[in-house]
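Comments concern the structure below.
The values are calculated or read from the model by the stated rules, or taken from the named source; none is laboratory data. Note that this is a predicted model, so its numbers are computed, not measured. We place every Cβ from the backbone using ideal geometry, glycine too, and count neighbours over all the protein chains shown. With ligands, DNA and RNA removed, areas are computed over all heavy atoms of the protein, side chains included. Shrake-Rupley method; radii C 1.70, N 1.55, O 1.52, S 1.80 Å.
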Amino acid sequence: MIVLFNPRSTTPGKQPLPLSLLALAAVLEGRYPWALVDGNLTDDPVADIAALLSGASPHGVTLLCVTVMPGPQLTEAVGVCRDMRARLPHVPIVWGGYFPTQHAETVLASTFVDFVVRSQGEQALMGLIEEISAVQVRTPGVSWKQADGQIVHNPAGPMIALDELPDLPYARVDMRRYLQPTYLGRRTVAHNSSFGCPFACSFCAVVAMTNRRWLAQSPARIERVLRHLVETYRVDSVQMHDMDFFISEARVAEFAERIAPLGISWWALGRVDTLMQYSDATWEAMKRSGLKMLFSGAESASDATLAAMNKGGKASARLPLELARRMKSYGVVPEFSFVLGSPPDPIGDMDRTFDFIRAIKRVNPATEVILYTYTPVPMDGSLYAEASRLGFAFPKTLEEWASDEWRQVMMRRGDGIPWIDGSIRRQVRNFERVLNAFYPTVTDRRLTALRRMVLKAASGWRYALKVYTAPIELQALQRFMRYQRPETTGF
């Protein structure tokens, strides 16, 4: 029995399909028995995993495979795997995903993880299963521990084109639990149509996962899968969880034409500079196909900061303003993220970003804004070098990574960053509270027109005068009205 474990990553009612694990399940299907344990759906994952593995045949492969991202997932993964090692010490444990790909040494230094699969996992997992009892593991893309404790990192192997991989085994999971009401529709599903990104932004974990490779499903493949989801599960909307859906305009244009008859709404992520180069014809096709909201990393109000972030392409601070204006003409909601607090001048960076966000809101009031504080990732570049000089260092053990302090750091809330003190964090949170009261999110389906007017009136003087300090009246109003705040609850 091979158990695929998805540690808890979200609040109840918002659980997405665990796409990375279902991709592994697809290659296991028909070859090895497997079961999925989703921490978002169970209160006792240890008991569930132990029940499956304890009853496994002694003659087959027994394995616990865990996908791990920084933050809440990492915290639960550490606790569950530590308990499973104590309960079933003979069961090998494999980690894969963003975090172990970047921090394989730290992961394997623990006593409860035996293997790390770096980057794309399908081929590496199948090779590892065949070698699981071998003294030497030679599978490309796998890191492992020798008997003497020495850690070995096998070279990366070739990546597999996504159209060569099998469809996800949707029928093996309870799809009803993964279809959520969202701003997009009543039955929203998650899908991933590509893997990787050709850019190398210095704050992004994707770079280590794919080394600037981009693999994509064909438009015909995406249409076939989405048609199946619509016809079988009555899906009416989809969130494309690609690292960047919009790399190829030709692919997107064909995709839009193909899915238009399905009558679904969709959301995806793409770069500002890429989207500004799209033709009007492609934008019109995307709108006809149901594009409702589009996420982009605006990141900064400063061209110098964008250069330090290694954004690449044709990135510039003026482009988000132009994209917000263009998307308004098509009735598509922009969703922009900003990374605040970059060294060496976090306060100046924050103030410039606040003013820039106000300018964007003047151009397109429907624009959604997500603010993060800069959190280093282990890669070469001026930002990471400056962060290290200012005293930033990653934890040395998984236990430290799993602490409350580091969970907050990995969620980009600013705690534990040497150059960002409590006053900066408070200013960011206060600005968010005023901004999202003056411009209530369009994604909150519960907010009536009257409540929106109340929020705008209550926050109007603060927004007009740029008085963000101690918005206690807005805190009280939020407790009374329970309106959606994207910075804490998402969309």
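Out of all the residues in segment 240-254, is one or more charged (D, E, K, R), open to solvent by less than 50 Å² (accessible area, probe 1.4 Å), closer than 22 Å to Ala23 by Cα and in contact with a His (Cβ under 9 Å, 6 or more places away or on another chain)? Looking through segment 240-254, at least one residue is charged (D, E, K, R), open to solvent by less than 50 Å² (accessible area, probe 1.4 Å), closer than 22 Å to Ala23 by Cα and in contact with a His (Cβ under 9 Å, 6 or more places away or on another chain).
For every residue, the table says whether it meets (1) of a type outside the set (D, E, K, R); (2) under 25 Å from Thr397 (Cβ atoms); (3) out of contact with any His (no Cβ under 8 Å at 6 or more places or on another chain); (4) modelled with pLDDT under 95.
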{"position": "Val78", "(1), (2), (3), (4)": "yes, yes, yes, no"}
{"position": "His90", "(1), (2), (3), (4)": "yes, yes, yes, yes"}
{"position": "Val116", "(1), (2), (3), (4)": "yes, yes, yes, no"}
{"position": "Gly121", "(1), (2), (3), (4)": "yes, yes, yes, yes"}
{"position": "Ser133", "(1), (2), (3), (4)": "yes, no, yes, yes"}
{"position": "Lys145", "(1), (2), (3), (4)": "no, yes, yes, yes"}
{"position": "Gly149", "(1), (2), (3), (4)": "yes, yes, yes, yes"}
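If you go through segment 166-186 one residue at a time, do you hit one that is among the acidic types (Asp, Glu) and under 30 Å from Val225 (Cα atoms)? Yes, some residue in segment 166-186 is among the acidic types (Asp, Glu) and under 30 Å from Val225 (Cα atoms). Considering only segment 18-37, state which residues are in a loop (DSSP other than H, G, I, E, B) and under 18 Å from Gln120 (Cα atoms). Residues satisfying the conditions are Pro18, Glu29.
Looking only at residues in segment 368-382 that are of a type in the set (A, V, I, L, M) and at pLDDT 70 or above, the one that is surrounded by the fewest Cβ atoms within 10 Å (Cβ to Cβ) is Ile370.
Considering only segment 207-240, state which residues are modelled with pLDDT under 95 and hydroxyl-bearing (Ser, Thr, Tyr). Once the filter is applied, which keeps residues that are modelled with pLDDT under 95 and hydroxyl-bearing (Ser, Thr, Tyr), segment 207-240 yields only Thr210.
Out of Leu64, Leu108, Leu128, which single residue is touching a residue at least 40 places away in the same chain (Cβ under 8 Å), closer than 22 Å to Leu22 by Cβ and of a type outside the set (S, T, N, Q)? Quick ask: steps written out before the conclusion?
Values: Leu108 fails: closer than 22 Å to Leu22 by Cβ; Leu128 fails: touching a residue at least 40 places away in the same chain (Cβ under 8 Å).
None of the other options fit; the residue is Leu64.
Close Cβ contacts (under 8 Å, 6 or more residues apart or on different chains) running from residues in segment 77-95 that are without any contact (Cβ under 8 Å) to a residue 60 or more places away in the chain and under 14 Å from Leu63 (Cβ atoms) to residues that are buried (at least 24 other Cβ atoms within 10 Å of the Cβ) and not hydrophobic (A, V, I, L, M, F, W, C) comprise Trp95/Thr67. Listed by first and then second residue, the pairs with beta-carbon distance under 8 Å, at least 6 apart or on different chains, first residue in segment 441-461 and under 13 Å from Met481 (Cβ atoms), second of a type in the set (Phe, Trp, Tyr) and part of a helix (DSSP H, G or I), are Leu455/Phe438; Lys456/Phe438; Ser459/Phe438. Of all residues in segment 77-92, those that are assigned to a helix (DSSP H, G or I) and open to solvent by less than 40 Å² (accessible area, probe 1.4 Å) total 6.
Regarding Ser265, is this residue touching a Lys or Arg at 6+ places or on another chain (Cβ under 8 Å) and either open to solvent by 40 Å² or more (accessible area, probe 1.4 Å) or farther than 21 Å from Gln217 by Cα (or both)?
Criteria not met by Ser265.
Answer yes if at least one residue in segment 129-143 is open to solvent by 10 Å² or more (accessible area, probe 1.4 Å), hydrophobic (A, V, I, L, M, F, W, C) and closer than 28 Å to Gly312 by Cβ, and no otherwise. No: zero hits. Contact map, segment 381-400: residues that are within 20 Å of Val78 (Cα to Cα) paired with residues that are open to solvent by less than 60 Å² (accessible area, probe 1.4 Å) and at pLDDT 80 or above, Cβ distance under 6 Å, separation 6+ or inter-chain. Pairs shown: Pro395/Trp401; Leu398/Val78; Leu398/Ser110.
Is it the case that Leu24 is crowded, with 17+ Cβ neighbours inside 10 Å and out of contact with any Cys (no Cβ under 7 Å at 6 or more places or on another chain)? It is false that Leu24 is crowded, with 17+ Cβ neighbours inside 10 Å and out of contact with any Cys (no Cβ under 7 Å at 6 or more places or on another chain). I'm trying to understand the selection: among the residues of segment 273-291, which are more than 26 Å from Leu306 (Cβ to Cβ), over 23 Å from the mean Cα position of the chain (by Cα) and not charged (D, E, K, R)? Matches in segment 273-291: Ala281, Ala285, Ser289.
Inside segment 204-274, counting only helices (runs of 4 or more DSSP H) that do not spill past its ends, which hold 3 or more residues that are out of contact with any strand residue (DSSP E or B) (no Cβ under 6 Å at 6 or more places or on another chain) and among the β-branched types (Val, Ile, Thr)? Give the steps one after another, and end with the answer.
On the way: elements: 206-210, 219-233, 249-259.
So the answer is 219-233.
Within segment 283-312, being open to solvent by 10 Å² or more (accessible area, probe 1.4 Å), closer than 28 Å to Ala260 by Cα and either of a type in the set (Ser, Thr, Tyr) or part of a loop (DSSP other than H, G, I, E, B) (or both) holds for one residue alone: Gly290.
Pull up segment 213-253, narrow it to residues that are out of contact with any Lys or Arg (no Cβ under 8 Å at 6 or more places or on another chain), in contact (Cβ under 8 Å) with a residue 40 or more places away in the chain and aliphatic (A, V, I, L, M), then point me to the one that is nearest to Ile264 (Cα to Cα). It would help to see each step written out before you state the result.
Step one: filter segment 213-253 for residues out of contact with any Lys or Arg (no Cβ under 8 Å at 6 or more places or on another chain), giving 213-215, 217, 221, 224-232, 238-243, 245, 247-253.
If we keep only those that are in contact (Cβ under 8 Å) with a residue 40 or more places away in the chain too, we end up with 213, 215, 217, 221, 225, 228-229, 232, 238-243, 245, 247.
When the remaining residues are screened for being aliphatic (A, V, I, L, M), the result is 215, 225, 229, 238, 240, 243, 247.
Numbers: Leu215: 24, Val225: 13, Leu229: 11, Val238: 7, Met240: 12, Met243: 21, Ile247: 22 Å.
Per the criteria, the residue is Val238.
Tell me, yes or no, whether segment 315-325 has at least one residue that is surrounded by 21 or more Cβ atoms within 10 Å (Cβ to Cβ), in contact (Cβ under 8 Å) with a residue 24 or more places away in the chain, not in a helix (DSSP H, G or I) and not acidic (Asp, Glu). The answer is yes, given that some residue of segment 315-325 is surrounded by 21 or more Cβ atoms within 10 Å (Cβ to Cβ), in contact (Cβ under 8 Å) with a residue 24 or more places away in the chain, not in a helix (DSSP H, G or I) and not acidic (Asp, Glu). Filtered by the rule that a residue be closer than 20 Å to Arg433 by Cβ and either in contact with a Leu (Cβ under 6 Å, 6 or more places away or on another chain) or crowded, with 20+ Cβ neighbours inside 10 Å (or both), segment 326-345 gives Glu335, Phe336, Phe338, Val339, Leu340, Gly341.
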